[in-house]
Amino acid sequence: MSRPALLLGLDAGGSGTKWALARDGQTVASGVTLPFTAALLDTPAGAQALTALAAGLPGRPEAVHAGVAGLSAGSPRAAAVARELAGVLGLEPERVSVEGDLDLAYRAHLGGGEGVLLYAGTGSVAYHVSAGGAVTRAGGYGYRIGDDGGGFSLGRAALRVLTDDLDRGVVPSGALAAEVGVVTGGLDWDTLRTFVYGTPGAASVARLAPAVGKAADAGDVRAGALLTEAAGQLATLAQRVQARVGPLPVTATGGAFRVSPLLRAALTRELPGATVQQREHAEAAARYAAAHLSGS
C-alpha cells in the first residue's frame, strides 16, 4: 500500500508565511517563514521568502494550496504566483493552487452566506461570501491607505504616541515605551527611523502590535486606549458589511486578536454578539491541497 501524500498549506501575509505539512488528514509539521504577498513577489524580499520557504520544509510536498495576501483566485496574478511556487518547490503547475488569503480564511471559518468574517492580522478587513460566491467587503486596502485596527495600525499608533512625546521634548516612559523599546532597540529617532523604514512593507511596524498588547495588559492607559480605538475601527468594518448583506453574525479572527484579551473584550463591547475564533488557516489550506491529487 502506498504512503498517503504529503500536502502543503500556506497562509502567506505581510508579517509572515505560515505553513503546514499534512499527511492523511493529520498535520505532521508546521512553522512560520518570511513574509510573502503578491506585492512582494517581484522584489528581492519576495524571492528571498520563496527560497527560505523551500529550504525550511522538512519534506517535499506532492501538492500545495496557498492563500496569499493581495490575490484573487483565478486571476492572471494568481496563476503567476502558482507557477512561481511550483518552480521553487519542484512541482508540476497542476499540483499547485492559489487563492486570496481572505478567501482561504473565510472558508476555514464559515460556509457561503453564513456570516461576516472580521479579519485582523497585519491588516484588517470585513469579508462576506454569499452562497453563490459573491464577495462583499469593507477595508483591506493595505497599510498605505487602510487596514485600520490591524497589527500595522496598532504599531503605527504606538509610534505616533511615542514620537509625540519626542516632539514635546519628553522622554517616553511607561509600559508602552518600555515594550516598544524592547522591539525597536531604542526610542530615539535615529533608532526608530531605521526600524520603521529599514525593511520594506508592513512587517516591521506590525511587529509592535504585541508590544501594545503587553503594555495594555500591564495597565498602561495609553496602550489600553489604542486597543479600544482599534476595536472601534474593526467594528466599523463589520458593520459596513452588515449594512449591505443583512445582520449576519460576525466571526473575528487573525493575529491581532492574540495581542491581548483586552482587544477581544473591547470588540465585543463595540460589536455585541461577535465571536473571536482562531483556526490555523495553513492547516486548512493543506486539506484543500488534496483536491490536486483526487482531481476533484
Per residue, how much accessible area does the stretch 112-278 show when a 1.4 Å probe rolls over the protein heavy atoms, in square angstrom? 45 Å²
Which cross-chain or sequence-distant (5 or more) residues have an amide H under 5 Å from the amide H of SER72, H modelled 1.01 Å from N in plane? ALA78
The relative contact order of the chain, taking Cα pairs under 8 Å that sit 6 or more residues apart, comes to a percentage of 22 percent
For ARG264 the rounded accessible area (nearest 10 Å², probe 1.4 Å, non-protein molecules ignored) is 80 Å²
Which value in nm describes the separation of the simple spin-label points at GLU229 and ARG269, placed 7 Å from the Cα toward the beta carbon? 1.6 nm
Nearest-20 debye value, the chain charge dipole, Cβ charges on Lys, Arg, Asp, Glu: 320 debye
Integer Hz, Karplus 6.51/-1.76/1.60 couplings in order for the stretch 44-52, x for Gly and Pro: x, 5, x, 4, 5, 5, 5, 5, 5
Of PHE257, PHE152, ordered by accessible area with the largest first and a 1.4 Å probe, the sequence is PHE152, PHE257
Quick one: with all protein chains in place, what share of the accessible area of the chain is carbon or sulfur, to the nearest percent (1.4 Å probe)? 53 percent
Could you give me the ³J(HN,Hα) list for the stretch 210-225, computed from phi with Karplus coefficients 6.51, -1.76, 1.60 and θ = phi - 60°, whole Hz, x at Gly and Pro? x, 5, 4, x, 4, 5, 5, 4, 7, x, 5, 5, 5, 5, x, 5
Please give the length that would be gained between VAL88 and GLN278 if that part of the chain were fully extended, namely 0.36 nm times their separation in residues minus their C-alpha to C-alpha distance (nm, one decimal). 65.4 nm
In deg cm²/dmol, rounded to 500, what helix-only [θ] at 222 nm does the chain give when every DSSP H run of at least 4 residues adds -39500 (n - 2.57) and the total is split over its residues? -13500 deg cm²/dmol
Using θ = phi - 60° and the Karplus form 6.51 cos²θ - 1.76 cosθ + 1.60, what ³J(HN,Hα) does each residue of the stretch 30-39 get, whole Hz, x for Gly and Pro? 7, x, 9, 10, 5, x, 8, 10, 4, 5
Around ASP11, what is the net charge, scoring Lys/Arg as +1 and Asp/Glu as -1 over all other residues with Cβ under 15 Å from its Cβ? 0
Could you calculate the contour length gain from ARG240 to ILE145, that is, 0.36 nm times the residue separation minus the distance between their Cα atoms, to one decimal place in nm? 32.5 nm
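The values are calculated or read from the model by the stated rules, or taken from the named source; none is laboratory data. Everything numeric in this text was worked out from a predicted model, so none of it was measured. We place every Cβ from the backbone using ideal geometry, glycine too, and count neighbours over all the protein chains shown. Protein only, heavy atoms only, side chains kept; ligands, DNA and RNA dropped before computing areas. Shrake-Rupley method; radii C 1.70, N 1.55, O 1.52, S 1.80 Å.
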